[in-house]
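To start, the structure itself, in structure tokens.
The values are calculated or read from the model by the stated rules, or taken from the named source; none is laboratory data. Fair warning: this is a prediction, and the values are worked out from it, not measured in the lab. Cβ atoms come from the backbone with ideal geometry, glycine included; neighbour counts cover every protein chain shown.
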Amino acid sequence: MPELKRLHADHAPAVLAFELANRAYFAASIPDRGDDFFDQFTDRYNALLAEQEAGICAFYVLVAEDGSVLGRFNLYDLEDGTAKLGYRVAQQVTGRGVATAKVRELGRIAIARHGLRTLRAATSHDNTASQKVLTKAGFVPVGPAIPADLDGKSGTWYQRNLQP
């Protein structure tokens, strides 16, 4: 069964393979990362690990039994008990409830490991799959997301209060 694991250096090859294998799929609903992302992957990956070590962000990967990465689930801008959430799952696991289940699980992790009380996530108006995931995972719309929040697209901010 796939497991959500904290990102570490050993995941780099599997993360790169995940991003490359799903690049066209992701680009259909969110802006493409661009060639520079892949050309500078090692430096960017090391920067993520440094941000995680500094406590600014917390990155998780969904790892299959064979060691491949099936998704990325990121908590970033951790501050005052709040973090922003970003996630992406491989095309091969979409439509099976994987993203919803792991976003819920990340909520539990956010409380237990990071002391968070609130998660926020923005999605564009045309990304209905992400809107469904967030809603099913307990997020509610809280206001408009401006194009600067979503790489030039308008959308909605969602929020989930983690306190019972």
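Brief remarks follow.
- Total residues in segment 145-164, condition assigned to a helix (DSSP H, G or I) and surrounded by 13 or more Cβ atoms within 10 Å (Cβ to Cβ): 2
- From VAL61, VAL142, VAL133, residue being in a strand (DSSP E or B), of a type outside the set (Ser, Thr, Tyr), under 21 Å from ALA24 (Cα atoms) and at pLDDT 95 or above: VAL61
- If you go through segment 52-72 and keep only what is under 13 Å from GLU19 (Cβ atoms) and of a type in the set (S, T, N, Q), you end up with just SER68.
- Residue that is surrounded by the most Cβ atoms within 10 Å (Cβ to Cβ), among those in segment 21-30 that are out of contact with any helix residue (DSSP H, G or I) (no Cβ under 7 Å at 6 or more places or on another chain) and part of a helix (DSSP H, G or I): PHE26
A quick yes/no check of all residues on (1) among the aliphatic types (A, V, I, L, M); (2) more than 16 Å from the chain's Cα centre (by Cα):
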residue	(1), (2)
VAL98	yes, no
ALA145	yes, yes
ASP149	no, no
TYR158	no, no
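- Single match in ARG113, ARG108, ARG96, ARG160 (criterion: touching a Phe, Trp or Tyr at 6+ places or on another chain (Cβ under 8 Å) and among the basic types (Lys, Arg)): ARG160
- ARG96, sole failed condition from (1) under 21 Å from THR156 (Cβ atoms); (2) modelled with pLDDT under 95: (1)
- Residue match in segment 109-117 (condition: in a strand (DSSP E or B), buried (at least 16 other Cβ atoms within 10 Å of the Cβ) and touching a residue at least 60 places away in the same chain (Cβ under 8 Å)): no
- Checking every residue in segment 106-114 against the condition of being farther than 26 Å from MET1 by Cα, more than 12 Å from the chain's Cα centre (by Cα) and not small (Gly, Ala, Ser) gives zero matches.
- Taken over segment 31-58, the criterion of being among the aliphatic types (A, V, I, L, M) and assigned to a loop (DSSP other than H, G, I, E, B) is satisfied by ILE56 alone.
- Count of segment 75-97 residues which are of a type outside the set (Val, Ile, Thr) and in a helix (DSSP H, G or I): 2
- Residues that are of a type outside the set (S, T, N, Q), farther than 15 Å from ARG160 by Cβ and in contact with a Lys or Arg (Cβ under 7 Å, 6 or more places away or on another chain), drawn from segment 76-125: TYR76, ASP77, ARG88
- Pair list, Cβ < 6 Å and 6+ apart or interchain, from segment 1-18 residues that are more than 18 Å from VAL98 (Cβ to Cβ) and touching a residue at least 24 places away in the same chain (Cβ under 8 Å) to residues that are in a helix (DSSP H, G or I) and among the hydroxyl-bearing types (Ser, Thr, Tyr): ALA12/TYR45
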